[in-house]
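The values are calculated or read from the model by the stated rules, or taken from the named source; none is laboratory data. These numbers come from a predicted model, not from an experiment. Cβ: placed from backbone, ideal geometry, glycine included. Neighbour counts: every protein chain shown. Quick note on the areas: whole protein, heavy atoms, side chains included, nothing else; ligands and nucleic acids left out. Shrake-Rupley method; radii C 1.70, N 1.55, O 1.52, S 1.80 Å.
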Amino acid sequence: MHGYLITFFTQKNREQDGMPLADWIVEEARKIGVRGATLFSGQEGFGHDGRFHSGNYFDFEDKPQLVTMALTHDECDSLLSSLQAKQLRIFYTKSKVEFGFTS
């Protein structure tokens, strides 16, 4: 199949509809029928504003998180439309990919 590999970058302390934003993105993907998504928690990083984010002893809530998934063109359009409908501002990367199973 051809489509997109999309990755969303956020922090553990961001929320949408009463749940962590990364979890919310995974649930939205599940609702539109996406076959899988992976949520990664990072140790540290910095955002577009230059602000440092980390999961250190003093602040476990500011950990960087990434949600990544391989989507068809239609799934990608649906997911991005869901984010726009909620007026969410989330940094993402999107690359054209070929995906499937080996057997």
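The rows are residues; the columns are (1) at positive phi; (2) assigned to a helix (DSSP H, G or I); (3) at pLDDT 95 or above; (4) open to solvent by less than 60 Å² (accessible area, probe 1.4 Å).
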residue: Y4; (1), (2), (3), (4): no, no, yes, yes
residue: T10; (1), (2), (3), (4): no, no, no, yes
residue: A22; (1), (2), (3), (4): no, yes, yes, yes
residue: E27; (1), (2), (3), (4): no, yes, yes, no
residue: R35; (1), (2), (3), (4): no, no, no, no
residue: D49; (1), (2), (3), (4): no, no, no, no
residue: H53; (1), (2), (3), (4): no, no, no, yes
*Quick check: is even one residue across the range 60-71 open to solvent by 50 Å² or more (accessible area, probe 1.4 Å), at pLDDT below 80 and in contact with a helix residue (DSSP H, G or I) (Cβ under 9 Å, 6 or more places away or on another chain)?*
no
